[in-house]
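Here it is, the structure, as structure tokens.
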Amino acid sequence: MALWDRIKESASQMQTQLEAKKNDLKSGAFRDASMAMCALVAAADGSVDPAERQRVAQLIATNEVLQNFPADDLRRRFEANLDKLAADFAFGRVSVLQEVAKAKKKPAEARAVVQIGIVIGGADGHFDQDERAVVREACFALGLAPHEFDL
């Protein structure tokens, strides 16, 4: 199986798992951590071009699990995290990882946040090393083992 096919299948499996847990993923901590994760993945290479920002914002708006929350609120939180990363990537990353860590208390939410990162990262069919690295960092912030997600 080609790498692209494996990435696509993995992202699809993660999305299916997320949808099965949709009713359990309604807390503010999950919302905040998910938007922080989306921003980390979008800015994984140290910058976010407008097309990438728009693509991730569109994915956030159409993701069934995230429809538990108002789309405008999600977009605002995503943009705020991106702004932190754009202002000073190293310092912003620390702050955004703290947002991700909000989901640490509930293992199901923590796993779902990582799964969202994988879905966002693999949405373009290419889950690159920078994206994998930030999702791995998020795993550590959440107290999860990266190998649990094949990272």
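The values are calculated or read from the model by the stated rules, or taken from the named source; none is laboratory data. Keep in mind that this is a model prediction, so the values were computed, not measured. Note that each Cβ is placed from the backbone with ideal geometry, even for glycine, and that neighbours are counted across all protein chains shown. Surface areas here come from the heavy atoms of the whole protein model, side chains and all, with no ligands, DNA or RNA. Shrake-Rupley method; radii C 1.70, N 1.55, O 1.52, S 1.80 Å.
Give the stretch 108-130 a look and list any residue that's over 16 Å from Arg31 (Cα atoms) and surrounded by fewer than 23 Cβ atoms within 10 Å (Cβ to Cβ), or say none.
Residues satisfying the conditions are Ala123, Asp124, Gly125, His126, Asp128, Gln129, Asp130.
Among helices (runs of 4 or more DSSP H) lying entirely in the stretch 40-151, which contain 1 or more residues that are at positive phi and among the hydrophobic types (A, V, I, L, M, F, W, C)? Reasoning before the result, please.
Details: elements: 50-62, 71-87, 89-100, 107-122, 129-141.
Result: empty, no element qualifies.
Given the criteria surrounded by 14 or more Cβ atoms within 10 Å (Cβ to Cβ) and either modelled with pLDDT under 90 or of a type in the set (Asp, Glu) (or both), does Val96 qualify? Quick ask: steps written out before the conclusion?
Working: surrounded by 14 or more Cβ atoms within 10 Å (Cβ to Cβ): yes; either modelled with pLDDT under 90 or of a type in the set (Asp, Glu) (or both): no.
No; evaluated as a whole, the condition is false for this residue.
Run down Val48, Val65 and say which single residue is open to solvent by 10 Å² or more (accessible area, probe 1.4 Å) and of a type in the set (Val, Ile, Thr).
After ruling out the rest, the residue left standing is Val48.
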